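Q: Below you will find the structure I want to go over with you.
The values are calculated or read from the model by the stated rules, or taken from the named source; none is laboratory data. For clarity, every value in this text was computed on a predicted model and none was experimentally measured. Cβ: placed from backbone, ideal geometry, glycine included. Neighbour counts: every protein chain shown. When the accessible area is computed, the model is the full protein with side chains, heavy atoms only, and any ligands, DNA or RNA have been set aside. Shrake-Rupley method; radii C 1.70, N 1.55, O 1.52, S 1.80 Å.
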Amino acid sequence: MKRLVVTADDFGLSLEVNEAVEQAHREGILTAASLMVSAPAAADAVARAKRMPSLRVGLHLVLVEAWPTLPAAQLPDLTDAVGLMRADMARVGLDLARKPAARRQLAAEIEAQFEAYRATGLPLDHVNAHKHFHVHPLIAGAVLRIGRGYGMRAIRVPREPRQVLRRAEASARPRPALDIAPWAALLAVRARQAGLLIPDRTLGLAWSGAMTPSRVAALLAELPDGLTELYTHPATAGGFPGEAPGYLYADERDALIAPASRAAADAQGAVRGGFSDFSG
């Protein structure tokens, strides 16, 4: 059986993102969105989600390069000079390993983001993290421990099979995500031990920011059996604070509403939903 979760990351980052999420869910194949609870347009995202109860919403933990939930003064080891979560992920990872204070700050911020999500009143469909930082073993441990108390039932494990990419685009020479592959494998083991639902594969890593209409339709035409998460970054346009340089935001929105994408998923007999629809 082919089961498919189509997710939009960065829900709440901007009105452009939120508008695209709503359009892609109402008119296209989008089934889920991952909310940045402290981003500038988070309140608008929550309001839209409540008008779309069929959209499954989860928590997009922000532990790098964006707005924390706690005051930056309470996170001196994790934030930068302007009060955002630090962008130097490798150094943050080292600091977490070396500094008990940094680990305490991490746990407090993760707890604050889960608490902020709970305050929205939205059901928690899934959890993942900005730039997949939840694969870091220390971060993963904190997320698994804290998330249990907030009803976390599913988590993204970013593992992408290159053979699917090659079948979808014959000329593709996708670079494997070797930097996170061992940690993703470890996260899969730990998540299963915790009784969480995880996808068998996640599509969107190699072509992050470039999930164009042709690529999405081609990927869906090669959909393997099992549970697949295909994640995207749609927006009606770029040019907003926090955007990723070079991302084809409008193209990714177009991919989600393209008739060819729906036709490809339907031809595969894929059952679409959120993680909570498949966790029974």
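Q: Scan LEU219, LEU205, LEU248 and give me the residue that is within 20 Å of the chain's Cα centre (by Cα) and without any contact (Cβ under 8 Å) to a residue 40 or more places away in the chain.
A: LEU248
Q: Here is a follow-up. I want to confirm something. Restricting to segment 120-177 and keeping residues that are open to solvent by 20 Å² or more (accessible area, probe 1.4 Å) and under 12 Å from the mean Cα position of the chain (by Cα), which single residue is nearest to GLN193 (Cα to Cα)?
A: Within segment 120-177, the match that is nearest to GLN193 (Cα to Cα) is HIS132.
Q: With respect to HIS60, is the statement that it is within 18 Å of the chain's Cα centre (by Cα), surrounded by 18 or more Cβ atoms within 10 Å (Cβ to Cβ) and assigned to a helix (DSSP H, G or I) true?
A: No, not satisfied.
Q: With respect to TYR117, determine if the residue is under 23 Å from THR202 (Cβ atoms), assigned to a helix (DSSP H, G or I) and of a type in the set (Phe, Trp, Tyr).
A: yes
Q: Tell me whether segment 35-46 contains one or more residues that are under 22 Å from ASP254 (Cα atoms) and assigned to a helix (DSSP H, G or I).
A: So far as segment 35-46 goes, yes, one or more of its residues are under 22 Å from ASP254 (Cα atoms) and assigned to a helix (DSSP H, G or I).
Q: Give segment 120-155 a look and list any residue that's under 12 Å from LEU61 (Cα atoms) and not in a helix (DSSP H, G or I), or say none.
A: Selection gives HIS126, VAL127, ASN128, ALA129, ILE155.
Q: Scan ALA260, ALA237, ALA264 and give me the residue that is open to solvent by less than 20 Å² (accessible area, probe 1.4 Å), hydrophobic (A, V, I, L, M, F, W, C) and either more than 20 Å from PRO158 (Cβ to Cβ) or part of a loop (DSSP other than H, G, I, E, B) (or both).
A: One residue alone meets the criteria, ALA264.
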